[in-house]
1. What are the pairs, 6+ residues apart or on separate chains, where a residue within region 8-22 that is at pLDDT below 95 has its Cβ under 6 Å from a residue that is assigned to a helix (DSSP H, G or I) and surrounded by 10 or more Cβ atoms within 10 Å (Cβ to Cβ)?
2. Tally up the residues in region 30-52 that are surrounded by fewer than 10 Cβ atoms within 10 Å (Cβ to Cβ) and not charged (D, E, K, R), please.
3. Can you name every residue in region 1-50 that is among the acidic types (Asp, Glu) and not in a helix (DSSP H, G or I)?
Amino acid sequence: MTRVSKIDENLWSELFLLNKEFLINDIDIMIKNLKDLKSELENNDLERLKAQLKRGNDIRKKMW
């Protein structure tokens, strides 16, 4: 958000609103992933933590 805030707020606010469905969906996914990560840490769930990190790594590999 700090990079975005360095740029014209009028432009970015319009872009956010134009793409709000995609942004809301991505934010929801991020919130779920963060909640899962928090739970894994709180419960010392090493296996689920490893699985989540592997999924993230697999997704990153597909993107690049």
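1. Once the first residue is at pLDDT below 95 and sits in region 8-22, its partners that are assigned to a helix (DSSP H, G or I) and surrounded by 10 or more Cβ atoms within 10 Å (Cβ to Cβ) give Trp12/Val4.
2. The initial filter retains those residues of region 30-52 that are surrounded by fewer than 10 Cβ atoms within 10 Å (Cβ to Cβ), namely 42, 44, 46-47.
Add one more test, that the residue is not charged (D, E, K, R), and what stays is 44, 46.
Number satisfying all stated conditions: 2.
3. Residues of region 1-50 that are among the acidic types (Asp, Glu), as a first pass: 8-9, 14, 21, 26, 28, 36, 40, 42, 45, 47.
Once the filter is applied, which keeps residues that are among the acidic types (Asp, Glu) and not in a helix (DSSP H, G or I), region 1-50 yields Asp8, Asp45.
The values are calculated or read from the model by the stated rules, or taken from the named source; none is laboratory data. What you see is a predicted model, and the numbers here were worked out from it, not measured in a lab. Methodologically, a virtual Cβ is constructed for each residue, glycine included, from the backbone with ideal geometry; neighbour enumeration extends over all protein chains shown.
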